[in-house]
Amino acid sequence: MKTEFWCRLRKKKFALLDGTLVSKSRKLQGIHGLRAIAALVVLFTHAGSIIQMMGYSPSDLTLVATLNNIGVTGVHLFFVLSSFSLANSITLTSNGVYEYGIKRFFRIAPLFYLLLVFQLLWKGPIGAEHHQLNEILLNFSFLFNFTPNLSTGIVYGGWTIGVEMIFYALLPFILLMCRNIYSYYILAPLGLLISWASHIAISESNPTAHLNPFTNYATFSFITNIAPFFIGLLTFGLYKKFPSNCWVARTSILSALGLIFILFYTSLQGEFDTPGRPAHLILYTAYGLICLSQSIRPSWVTANVAMQYLGERSFSIYLVQLPLMWIITPLYSPIINYFGGYTLQTYLTCAVLTFILVIAVSELTYRLVEIPGVNIGRAIIAKRRSKWAAC
């Protein structure tokens, strides 16, 4: 009997750690690969930012500025992808919405809570951060985005979770109102207009906020970041309308590349930090076109084995990178000294070192936190389904 008990316990333990986040039958390889690209873009941008925060000035300001402009909107590619994926998976029934809520919570909360507790114990890179009880409660309840001066969250880089959680709550209601592709044709421009106008309004209400990019509510609020979510819904609608149209896929990717070229090789390059952020709006549109192309006809860039591996772990890669970067900053100093300052070689060496360490840690959090969290959610849903079936 003892042997049987321990066998069952071992099976349950490994069942909790087994599986993947997205089953192969439901996986869109192009979308999955784009998650990896978004995570890597943010990672390589953060690596450069950390070096600057250490007090080193880059020798090539143009390169760093371009990398920063691309990197700061990498999270918005995540928003487009998240909106697309959720619209593609949610079932609009009472049971479907209930299960959707369970899935979202157990997909996001376990890793976020782990890093939140770590951040509270670690107290930042210099060990001096202090957080009030109300701030801690707002972070545990995912409501911190509603408070302007706390919208960045306690977890480094975790401001996006506060934004996404609001969208998760609104999505079922949005999909109930938008029953066809024509609704999305209206929704996407409306989202661009809302993001543009709200960013201007918030920026003008606090003209000096841009001087501190870490507490600027115009950057971190949900309302100013609503456009990429709505563009993701339009992308989903177009994907459903043209699920295998190669012409649409080719046209979309060429249009996206054209927009990106115009954005970075014209005067629009200087419009990333101006009120309304018109450059961001163009980039959101380009991201939507890229998502449409890759959902219909994935390229080798997104559908290869490496991108699929990284895409599966993209949430861990995104959340663990900033705390880890601050921990390993002592490793950056000898590299910077060896190359004689903040040069391109310095940046690439630090970025590659960071990438290797982040992937190693992300593999652990993916296996030990993300998958168990998702499996717990699945078990709750299965138990509820069996209960209803019995009734």
In region 85-113, residue surrounded by the fewest Cβ atoms within 10 Å (Cβ to Cβ) [restricted to those that are assigned to a helix (DSSP H, G or I) and hydroxyl-bearing (Ser, Thr, Tyr)]: Ser94
Any chance Val80 is in a helix (DSSP H, G or I) and modelled with pLDDT of 85 or more: yes
Filter region 41-55 down to the residues that are farther than 14 Å from Tyr156 by Cβ, touching a residue at least 60 places away in the same chain (Cβ under 8 Å) and either surrounded by fewer than 19 Cβ atoms within 10 Å (Cβ to Cβ) or small (Gly, Ala, Ser) (or both) and list them by number. Gly48, Gln52, Met54
Which residue pairs have Cβ atoms under 6 Å apart, sit 6 or more places apart or on different chains, and have a first residue in region 325-348 that is under 11 Å from Ile51 (Cα atoms) and surrounded by 13 or more Cβ atoms within 10 Å (Cβ to Cβ) and a second that is modelled with pLDDT under 90 and aliphatic (A, V, I, L, M)? Met325/Ile50; Tyr342/Ile51
Does any residue of region 248-269 turn out to be among the basic types (Lys, Arg) and in contact (Cβ under 8 Å) with a residue 60 or more places away in the chain? no
Those residues of region 149-171 that are over 26 Å from Leu43 (Cβ atoms) and either touching a Cys at 6+ places or on another chain (Cβ under 9 Å) or surrounded by 17 or more Cβ atoms within 10 Å (Cβ to Cβ) (or both) come to a total of 1
Checklist (1) touching a residue at least 60 places away in the same chain (Cβ under 8 Å); (2) in contact with a Lys or Arg (Cβ under 8 Å, 6 or more places away or on another chain); (3) within 30 Å of Thr45 (Cβ to Cβ) applied to Ile359, failing item: (1)
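The values are calculated or read from the model by the stated rules, or taken from the named source; none is laboratory data. In this text, all values refer to a predicted model and were calculated from it rather than measured experimentally. Please note: Cβ atoms are built from the backbone with ideal geometry, for glycine as well, and neighbour counts cover all protein chains shown.
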